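Right, one structure below, let's go through it.
The values are calculated or read from the model by the stated rules, or taken from the named source; none is laboratory data. Bear in mind the structure is a predicted one, so any value in this text is a computation, not a measurement. Heads up, the Cβs are rebuilt from the backbone with ideal geometry, glycines too, and the neighbour counts pull from every protein chain shown.
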Amino acid sequence: MENVVLTVHLILAVLLTGVVLLQRSEGGGLGMGGGGNVMTGRQAANAMTRLTWICGIALFVTSVALTVIAARQTSTGSIMDQLGVPQQEQSAPGTPTLPTYTP
């Protein structure tokens, strides 16, 4: 389930980036020179704005869904406990110890 949501999230991120870059801006941008469109400038702006909002909301929803999925999979134990690594002793016999630090 996590992989499906993550894949949709990445596709939405790329799509949102493309939609934002295609929008007409004040200074030209990538949306300039749009000749031959069936829609007028105002209709195209409304459609692009709606598509931007839809992609943004969908990206936000998938972000929250990924956060919830990740939170459910967490555990309170250490990663070393999950790997099954045995605990080592604090110090081996015969190993010199450092003196305590006193400022």
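Right, I57: in contact with an Asp or Glu (Cβ under 8 Å, 6 or more places away or on another chain), on the phi < 0 side of the Ramachandran plot and modelled with pLDDT of 75 or more or not? No: the conditions fail for I57. Residues of region 44-65 being under 14 Å from A13 (Cα atoms) and touching a residue at least 12 places away in the same chain (Cβ under 8 Å), which ones? Within region 44-65, L51, T52, C55, G56, A58, L59, T62, S63 qualify.
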